[in-house]
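Notes follow the structure.
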Amino acid sequence: MIDAAGLPPPGLILILGGLLLPLLRGAGPAVALALPLLTLAAIWTLPGDLSVTMPFMGDYTLTVLSWQPATAVFATIFALMAFGGALFAHPITGLASERGKRWQVELPAAFVYAGSAICVTFAGDILSLFIFWELMAVGSTVVVWSAGTRESARAGLRYALVHLVGGVVLMAGILAHVFALQSQGVADPLALSHFGFGAAGFDALSFGAGQAAPWLILIGVLVNAAAPPLGSWLADTYPEASESGTVFLSAFTTKTAVYVLMLLFAGTELLVYVGLAMAVYGIVYAILENDMRRILAYSIVNQVGFMVCGIGIGTAMALNGAAAHAFAHIIYKALLLMSAGSVLYMTGKRKCTDLGGLYHSMPITMICGIVGALAISSFPLTSGFVTKSMINQAAADQHHALAWFVLTAASAGVFLHAGIKFPWFVFFQKDSGLRPPDPPWNMRAAMIFFAVLCVGLGIPGVYGPLYAILPYPAAAGETLYVPYTGAHVLSQLQLLLFSGLAFFVLLPVLKRTLTITIDADWFYRRMFPALWKHLLRPVFAALGELRDGILGGIPDDVKRIVYSAPRENSMFQEWGLGGAMLTITAILFVSLMLSFA
Amino acid sequence: MKLEDPRTIRLLWIVSLVVLALLVAADGLVEHHPHFGIDGSFGFHAWYGFAVCAAMVLVSKFVVGLLLKRRDTYYDD
């Protein structure tokens, strides 16, 4: 193993470069397109056995760069995604325009977010992993806020709070496990090898004292994987970001969680059921949804469910399938959200009830949206066909009947809720009278680039390089998996086209209404505030009268010192974008200083 | 030929139904490798795909939707 000290991990190119972008003024947008490609080149030129360590707090060493089985596939797609997102977000209207001003906040935050995700995939110990995991939450929150709307400010705050809680739970689990390892006299308690709980770890798990650590870690990671009921933040927040912000957001948080689950919990049977629940939940909520970007947000949960289920199955075929599907998913999901983002950008509308008939004037957006829709549905000759089927195959190979039947049903449901529903209601359905042209060249270019990848990865022979970088590549002379057999192509076409028939037969039932569907975020958006308003506040108010009765005798100026009146609605004014950027910069600086000190 | 034209829609339905019928008929031409028994039945993926999708739509609409659907201004203060 090559051991190098002081060499920064490739994700830092994006993080530090991203933070410098606003200082580069006119050159910033061009540099923003180059940084992800530079990162990609750095990832691919690193020797496969390189490991970079640095001393930490005297007794420990942090491994900030090492190759894990799934690093190559995740780091590669994260860097590619940063490029596609930067192209889509490119400020062609100039930095002085409103979009340009937003870009100066959104892009640096998105690069901190993407770079941190890449750093997570290279982390060789649990603390490095956690530091960059948290930095992702900071970057992504600023991406949401950079939309600059009242809704995005509030949704971003909810998002930050959920991830703060998730991060605390994860940290508590990590600390509990580190302390337990230390008490057993383990010399390197931060090493990832001690955190590979997997199947064995959970078989022996009980809820007794000292056994809580794996559960806390699992729950902390599942918050980011958006597993219900912990995942309602996703459909709540992502659609509130800007048209380009949502594209970035769709890629990193949930897929980094998939990476970490694969690293720590491969073969944990519980995850099979969590994944199946996610796959079905995503379909049901997407069917009921009216907002085109919320439809696609729920379908992220559905697709991540396939990956989580594969990780639970835990065989080489299942893990390869989960990793490959994450790769394909990031591309087609970004493509779908670029298509939806283009519609939003050109029309200002996001509800299916307001849209329809856009095929008349937005042919490129429509075609790219349909390519993404076919890929998410795993149509033959698209990327989804050669990736998702590995997970189904693994379920069949293990004779896991429940997993296979539910995954097959969910595969049909994907076509229903995303594959047809999204293009149908946005581009066809009825003539809304809207005739916007296709979006500017950079948005068209980003969509065409990702559409070509969606089709290219599905062509026999062309998907080989993807299969070659999967966590468990085929032995010399053997074939990893053969997606193109007559039976597989035919059964997939039957499944999808009859799902399509069900869509059109039941179209009257699927008619969009001006409604949302209550999700678990109801607890913190309605129940807790209502408890405060109707129960706790009256109680405090009653106590306040008692307090005033006691304090009433004290002269006013003394009272002013010990009691300052609360200021209403101060939070959002104080947390403007400038403040948010300052905070992210400060936190980043401190964490980097800590890790490189 | 405009997509909104009823004749076009009728033609699309006819072509689609022919394609669906051919897909089911083609089941006899390929060799399936069933793992669970029922998945080897004739046209399994066709009827299973249709049935589960119909079930998911109806359950979403008439069970989950009935319980959890609210106006989209629900959270607006």
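The values are calculated or read from the model by the stated rules, or taken from the named source; none is laboratory data. Note that this is a predicted model, so its numbers are computed, not measured. Positions of Cβ are backbone-derived with ideal geometry, glycine not excepted, and every protein chain shown enters the neighbour counts.
Miscellaneous remarks
- Any chance A:Val406 is of a type in the set (Val, Ile, Thr) and modelled with pLDDT of 95 or more: yes
- The criterion of at least 2 residues that are on the phi > 0 side of the Ramachandran plot and either among the small types (Gly, Ala, Ser) or more than 9 Å from every other protein chain (Cβ to nearest Cβ) (or both) is met by none of the helices (runs of 4 or more DSSP H) falling completely within region A:505-555.
To keep it simple, each residue is scored yes or no on (1) surrounded by fewer than 24 Cβ atoms within 10 Å (Cβ to Cβ); (2) under 17 Å from A:Asp236 (Cβ atoms); (3) of a type in the set (Gly, Ala, Ser).
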site	(1), (2), (3)
A:Thr121	no, no, no
A:Phe130	yes, no, no
A:Glu134	yes, no, no
A:Val144	no, yes, no
A:Arg150	yes, yes, no
A:Ala160	yes, yes, yes
A:Leu164	yes, yes, no
A:Val168	yes, no, no
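- Checking every residue in region A:155-173 against the condition of being touching a Leu at 6+ places or on another chain (Cβ under 7 Å) and hydroxyl-bearing (Ser, Thr, Tyr) gives zero matches.
- Some residue of region A:466-487 being more than 14 Å from chain B (Cβ to nearest Cβ), more than 29 Å from the chain's Cα centre (by Cα) and closer than 30 Å to B:Ser41 by Cβ: yes
- Hits in region A:147-193 - residues which are over 23 Å from A:Met136 (Cβ atoms) and of a type outside the set (A, V, I, L, M, F, W, C): A:Arg150, A:Gln182, A:Ser183, A:Gln184, A:Gly185, A:Asp188, A:Pro189, A:Ser193
- Qualifying residue in region A:51-60 (condition: surrounded by 15 or more Cβ atoms within 10 Å (Cβ to Cβ) and of a type in the set (Asp, Glu)): no
- Any hit, region A:441-458, residues being within 14 Å of another protein chain (Cβ to nearest Cβ), basic (Lys, Arg) and either in contact with a helix residue (DSSP H, G or I) (Cβ under 6 Å, 6 or more places away or on another chain) or under 30 Å from A:Asn290 (Cα atoms) (or both): no
- Any hit, region B:60-71, residues being of a type in the set (A, V, I, L, M), in a helix (DSSP H, G or I), farther than 28 Å from A:Ala401 by Cβ and within 7 Å of chain A (Cβ to nearest Cβ): yes
- Test: B:His32 is within 8 Å of chain A (Cβ to nearest Cβ), within 21 Å of A:Leu407 (Cβ to Cβ) and not in a helix (DSSP H, G or I): yes
- Residue count for region A:429-447 under the criterion of being outside any helix (DSSP H, G or I) and either surrounded by 23 or more Cβ atoms within 10 Å (Cβ to Cβ) or of a type in the set (S, T, N, Q) (or both): the result is 3.
- Some residue of region A:380-391 being of a type in the set (Phe, Trp, Tyr), more than 10 Å from chain B (Cβ to nearest Cβ) and over 26 Å from A:Ala279 (Cβ atoms): no
- Of the residues making up region B:15-28, not a single one is at the interface with chain A (Cβ under 8 Å from one of its Cβ atoms), of a type in the set (Asp, Glu) and loosely packed, with under 11 Cβ neighbours inside 10 Å.
- With respect to (1) at pLDDT below 95; (2) in a helix (DSSP H, G or I); (3) in contact with a Gly (Cβ under 9 Å, 6 or more places away or on another chain), the lone exception for A:Arg154 is condition (3).
- Criterion (in a loop (DSSP other than H, G, I, E, B) and on the phi < 0 side of the Ramachandran plot) met by exactly one of A:Tyr484, A:Tyr467: A:Tyr484
- Single unsatisfied condition, A:Thr382 versus (1) surrounded by 24 or more Cβ atoms within 10 Å (Cβ to Cβ); (2) modelled with pLDDT under 95: (2)
- The number of residues in region B:35-56 that are in contact with a His (Cβ under 7 Å, 6 or more places away or on another chain) and facing chain A (nearest Cβ under 9 Å) comes to 1.
- Pairs with Cβ under 6 Å, 6+ apart, first in region B:50-73 and buried (at least 19 other Cβ atoms within 10 Å of the Cβ), second assigned to a strand (DSSP E or B): none
- When we screen A:Ala328, A:Ala340, A:Ala410, A:Ala373 for residues that are within 11 Å of chain B (Cβ to nearest Cβ) and in a helix (DSSP H, G or I), the only hit is A:Ala410.
- Criterion (within 14 Å of another protein chain (Cβ to nearest Cβ), more than 25 Å from A:Arg350 (Cα to Cα) and small (Gly, Ala, Ser)) met by exactly one of A:Ala257, A:Ala286, A:Ala277, A:Ala316: A:Ala277
- When A:Val178, A:Val162, A:Val169 are checked against the criterion of being in a helix (DSSP H, G or I) and in contact (Cβ under 8 Å) with a residue 60 or more places away in the chain, a single residue qualifies: A:Val162.
- Selection status of A:Val426, surrounded by 23 or more Cβ atoms within 10 Å (Cβ to Cβ), in contact with a Leu (Cβ under 6 Å, 6 or more places away or on another chain), at the interface with chain B (Cβ under 10 Å from one of its Cβ atoms) and in a helix (DSSP H, G or I): no
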